[in-house]
Amino acid sequence: MPVVIETSQDEVKAIIQGELDHHNAGAIRKSIDESVERLRPKLLKIDFSQVSFMDSSGIGLIMGRYNTMQLIGGEVEVDNPPPAIEKILKISGIQKLAKIIKTEEEQK
Amino acid sequence: MSAPINEMKMVVESRSINEGFSRVAVAAFAAQLDPTVEELSDIKTAVSEAVTNCIVHAYEKQVGKIYITASIYDNQIIRIKIRDRGCGIENVKQAREPLYTTKGGERSGLGFAVMESFMDKIYVRSSVGNGTTVTLTKQICGRCKDD
């Protein structure tokens, strides 16, 4: 599974695993959208702590989920990006659309 | 520029499964320059962007060949050429603008912007109907700064 989904009230947490590129983005998007459409959460957390590689397809994935969450009146949060992913997040300016949160206990 | 010290050439089909293979193969070749983890990740990301462009745009409705050449020159310089024989880009300047995309929704329009910021130099040559060549250049400092 390229993504593990954890749900609680008003919240969907998607923990992406492995490499996030154009090849893998489709399946990840599908899983996330399925949960979001079913639960219509207030907050979608996308966790990157277990992502070993990401290119701009990952930015596209976040932007697409931001648009979906806007439609249902919710927000997107980007959690625990490793340094290489943080670099590409900064270039993209995605922090204007989604908060980037680092929770220390999940960092190794 | 003088002849390269070492060179690797490969051809892959424009199937998305080859995105991962291409970036890892180029990174493995670049490893002889003793790059830092960050430099290696920069190269992987830039190659991934260029190869994805070939698959998503150049060969949108077909499977074509992607020609990758990685060459090492003096002063720890690596030059990576990624060439396709696909549709070509009508307006390269516009294509290179951050956030410009012809695909909307799930594509960020950041491919060229990422290549530009992760590599030292990027050169794009394109001809409509004939294909595109993207040349990425980076000097690998690796641990040379410690010397």
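FYI, it's all coordinate maths here, none of it is from the lab. Treat the numbers as computed from the prediction; the structure is a model and nothing was measured. Backbone-built Cβ (ideal geometry, glycine too); neighbour counts: all protein chains shown.
Odds and ends about this structure:
- Proportion of all alpha-carbon pairs of segment B:1-143 beyond 22 Å (%): 34 percent
- Label separation (B:N6 vs A:T7): 5.1 nm, computed from points 7 Å beyond Cα along the C-beta direction.
- Using alpha-carbon coordinates, inclination of helix B:17-30 to the longest axis of chain B, degrees: 20 degrees
- Kirkwood Rh and Cα Rg combined as Rg over Rh, evaluated for segment B:60-126: 1.00
- Residue exposure sequence - B:F118, B:F21 - by fewest surrounding Cβ within 10 Å: B:F21, B:F118
- Residues whose amide H falls under 5 Å from that of B:L110, counting only those 5 or more places apart or on a different chain, are B:L99, with hydrogens built in the peptide plane.
- Cα coordinate range in the protein assembly as shown, projected on the principal axes (Å, largest first): 63, 48, 30
- Mean projected area of the convex hull spanned by the Cα atoms of chain A, taken over all viewing directions: 6.1 nm².
- 0 to 90° range, to nearest 10: angle between helix A:83-92 axis and chain A longest Cα axis: 70 degrees
- With a Förster radius of 25 Å applied to the beta-carbon distance between B:Y100 and B:V24, the computed FRET efficiency rounds to 0.30.
- Once the Cα atoms are used to define both axes, helix B:37-53 deviates from the longest principal axis of chain B by about 20 degrees.
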